[in-house]
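Participant: I am attaching a structure below and will ask some questions about it afterwards.
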Amino acid sequence: MARPLSATSGTSDLPRRAAASALFAGGALAFAATFLPLGFATYPATPGEIAAPIYTVPAQDLITVIQFNLLSPGESSIIGTCTWAFLVWGAPLILAAAGLVLLLARRWRPRRRVWIVALIVALLGAGFMLVSCQFYVYPFFGLQGATAHTLTYGAGLSLLGYLAVLVGVIWLALQRTSINSA
């Protein structure tokens with residue numbers, strides 16, 4: 001005889017909902033931060049030109065790279081562009097969607113492999129943002145002539161979002177209970 005499914009398996013549902021909310025809010029914040037300035041570079045005034053700060057927004061940079069790929073397909077890497085698009089937009093959207101599904105589907109208890117994939121995606125997204133910040137503050141190419149490179153609130157909000165995602169994923173993985181194992 002089949003047993004009825006229990007939504008809480010005898011424990012409080014509040015910690016699970018709080019962790020799922022952190023996962024959803026962190027993914028949404030990391031996604032929204034890609035449309036905010038990552039940083040700006042200040043260029044000194046030169047004869048005929050005024051001093052100017054140039055802002056870098058990851059979403060605009062990605063659109064520029066996609067346009068370059070369309071104009072010069074032989075000189076570009078579509079695989080690199082797709083990987084970049086996944087790390088900029090895909091990773092936070094997947095994590096936000098997982099948090100939203102956990103909030104809405106009370107009976108769904110993901111298995112360990114789902115949390116491992118979510119943890120890997122969160123670490124990839126946060127690592128990509130950290131590498132982007134590193135390349136921006138200490139540029140190896142591009143931005144020559146700038147007197148200062150400064151990170152802005154976009155980088156901080158993105159990393160804060162990924163921190164919330166990591167907290168949510170780890171919390172959910174530690175308190176994981178499977179319906180089938182009861």
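Participant: Just to be sure I understand the filter: pairs with C-beta atoms under 8 Å, separated by 6 or more residues or on different chains, first member in region 33-50 and closer than 21 Å to residue 152 by Cβ and without any contact (Cβ under 8 Å) to a residue 40 or more places away in the chain, second member polar (S, T, N, Q) and buried (at least 18 other Cβ atoms within 10 Å of the Cβ). Which pairs pass?
Facilitator: No pair meets every condition.
Participant: I need a count of the residues in region 72-104 that are modelled with pLDDT of 85 or more and either over 24 Å from residue 33 (Cα atoms) or of a type in the set (Lys, Arg) (or both).
Facilitator: The number of residues fulfilling the criteria is 1.
Participant: Restricting attention to region 90-128, and to residues there that are among the basic types (Lys, Arg) and part of a helix (DSSP H, G or I), which single residue is surrounded by the most Cβ atoms within 10 Å (Cβ to Cβ)? Steps first, please.
Facilitator: First, pick out the residues of region 90-128 that are among the basic types (Lys, Arg): 106-107, 109, 111-113.
Pick out the ones that are also part of a helix (DSSP H, G or I) and you get 112-113.
Details: 112: 10, 113: 8.
So the residue we want is 112.
Participant: Something else now. Do any residues in region 120-138 that are more than 14 Å from residue 85 (Cα to Cα) have Cβ atoms under 7 Å from those of residues that are among the small types (Gly, Ala, Ser) and not in a helix (DSSP H, G or I), where the two are at least six apart or on different chains, and which pairs are they?
Facilitator: Going by the 7 Å Cβ cut-off, the qualifying pairs are 136/39.
Participant: Out of 85, 51, 41, report the one residue that is surrounded by 12 or more Cβ atoms within 10 Å (Cβ to Cβ) and more than 17 Å from the chain's Cα centre (by Cα).
Facilitator: Details: 85 fails: more than 17 Å from the chain's Cα centre (by Cα); 51 fails: surrounded by 12 or more Cβ atoms within 10 Å (Cβ to Cβ).
Exactly one residue qualifies, and that residue is 41.
Participant: So, one more: So for region 167-177 (the condition being surrounded by fewer than 16 Cβ atoms within 10 Å (Cβ to Cβ), of a type in the set (S, T, N, Q), farther than 22 Å from residue 57 by Cα and modelled with pLDDT under 90), does at least one residue qualify?
Facilitator: Yes, because at least one residue in region 167-177 is surrounded by fewer than 16 Cβ atoms within 10 Å (Cβ to Cβ), of a type in the set (S, T, N, Q), farther than 22 Å from residue 57 by Cα and modelled with pLDDT under 90.
Participant: Out of region 117-154, which residues are at pLDDT below 70 and touching a Ser or Thr at 6+ places or on another chain (Cβ under 7 Å)?
Facilitator: Keep residues of region 117-154 that are at pLDDT below 70, which gives 139-149.
Selection gives 146, 147, 148.
Participant: Could you check region 41-89 and list, in sequence order, the residues that are part of a strand (DSSP E or B) and closer than 22 Å to residue 162 by Cα? I'd like the intermediate steps shown before the answer.
Facilitator: Step one: list which residues in region 41-89 are part of a strand (DSSP E or B), which gives 41-43, 46, 49, 52-56.
The answer is 56, and nothing else.
Participant: Just one of (1) of a type in the set (Val, Ile, Thr); (2) surrounded by fewer than 20 Cβ atoms within 10 Å (Cβ to Cβ); (3) modelled with pLDDT of 80 or more trips up residue 34, so point out which.
Facilitator: For residue 34, the exception is condition (2).
The values are calculated or read from the model by the stated rules, or taken from the named source; none is laboratory data. These numbers come from a predicted model, not from an experiment. Don't worry about glycine lacking a Cβ; one is built from the backbone with ideal geometry, like all the others, and counts go over all protein chains shown.
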